[in-house]
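Reviewing the structure listed below.
None of the figures in this text is laboratory data; all of them are computed from the coordinates on show. In this text, all values refer to a predicted model and were calculated from it rather than measured experimentally. We place every Cβ from the backbone using ideal geometry, glycine too, and count neighbours over all the protein chains shown.
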Amino acid sequence: MILDKPLQSQMLKAGDIVALVVFTLIFSIATFSLFFNLPLLDLSVADFFFTANVGFEHIDGVVLPILRRVLMIGFFIFYGGVIYNGLKAWKEQALVKGFTWSQWLYIGLANLIGPLFVANLLIKNNLGRARPREIEIFLGEEKLQFTQFWQWSAECSHNCSFISGETSSAVMIFISLALVTTFKRKLFFALIPIAYIVSGGMRMMMGAHFFSDTLMAIPIMLLVACVVYYWMFLSRLSPIPWIASKAPKINA
């Protein structure tokens with residue numbers, strides 16, 4: 001069998017993944033419509049955290065950098081835990097903290113592919129959107145210009161504003177956990193907006209991201225999580241049978 005019984009009982013079906021993808025598309029279209037019809041919304045939200053002649057420095061003082069550092073440490077602890085527990089489950093061919101090795105593998109790959117490759121390497125390094133604290137209207141030293149999130153721009157060359165990498169990391173943790181389990185699925189889905197408010201709100205207050213940069217992280221990460229889930233658990237191209245064939249033999 002590709003999956004063991006504990007995971008089979010928790011699996012989402014193809015119809016569930018399709019429903020999530022449809023939700024993702026609706027969310028994305030609604031977000032695009034919101035910012036298209038209110039083109040100054042991003043600037044208005046950023047301006048709320050901005051003070052003339054001071055910039056965002058009156059907010060980006062001591063508390064937020066400490067909170068950001070705590071979140072970053074939390075990310076690395078989580079990723080380290082996924083690697084450790086996944087390897088332990090694979091080596092022992094047993095459940096670790098209620099998850100099989102294939103579940104741990106999914107959580108790891110979703111958090112690797114989504115925040116790192118899609119958000120940070122693919123999107124942030126190519127769309128070229130300047131950060132709020134970099135644009136001229138907010139006293140940015142670079143005197144860059146504001147662009148909408150759907151517009152390609154040459155204002156920024158790398159590590160740009162869209163999308164928020166840290167917000168992507170925060171929401172993907174709970175998205176991947178929600179998709180891969182049933183016993184706490186409602187809880188993990190409920191924690192997604194909380195993770196968004198904490199990470200996205202912090203980055204907007206620091207002038208590092210526009211509202212749309214953080215908001216669009218949710219549907220993009222959910223779409224990535226759905227694609228990875230389908231590939232691993234529902235597709236004929238799943239890597240699980242090959243990995244399972246390499247697993248150590250456990251004597252009964």
Helix axis angle, 217-229 relative to the chain longest principal axis, alpha carbon, degrees = 20
inquiry  = Tell me the angle of helix 14-37 to the major Cα principal axis of the chain, expressed in degrees between 0 and 90 and rounded to the nearest ten.
reply    = 0
query = If we count other beta carbons within 10 Å of each Cβ, what is the order of T51, T147, T214, fewest first?
reply = T51, T147, T214
key: With Cα atoms, 0 to 90° folded angle of helix 185-205 axis to the chain main axis   = 30
query = Using alpha carbon coordinates only, what is the Rg to Rh ratio of the chain, with Rh defined as the Kirkwood radius?
reply = 1.03
ask   = So for the range 30-175, what percent of the C-alpha to C-alpha distances run longer than 28 Å?
value = 35
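How would you rank 114-121, 72-79, highest first, on the average number of other Cβ atoms within 10 Å across their residues?
Values: 114-121: 19.9, 72-79: 12.9.
Output ranking for 114-121, 72-79: 114-121, 72-79.
Going by average Cβ neighbours within 10 Å, how do the peptides 165-175, 126-136 rank, with the highest at the top?
Put in order of decreasing packing, that is 165-175, 126-136.
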inquiry  = Sorting check: for 181-187, 156-162, which peptide has the highest mean count of neighbouring beta carbons within 10 Å, and how do the rest follow?
reply    = 156-162, 181-187
query = Relative to the Cα centre, what is the charge dipole magnitude of the chain, using +1 at the beta carbon of each Lys and Arg, -1 at the beta carbon of each Asp and Glu, and rounding to the nearest 20 debye?
reply = 1300
ask   = For the chain, what is the mean residue ellipticity at 222 nm derived from helices alone (per DSSP H run of n ≥ 4: -39500 (n - 2.57); sum divided by total residues; nearest 500 deg cm²/dmol)?
value = -17500 deg cm²/dmol
remark   = Once phi for every residue in the range 115-126 is put through the Karplus expression 6.51 cos²θ - 1.76 cosθ + 1.60 (θ = phi - 60°), the whole-Hz ³J(HN,Hα) values, with Gly and Pro written as x, are x, 6, 7, 6, 6, 7, 8, 8, 7, 5, 8, 10
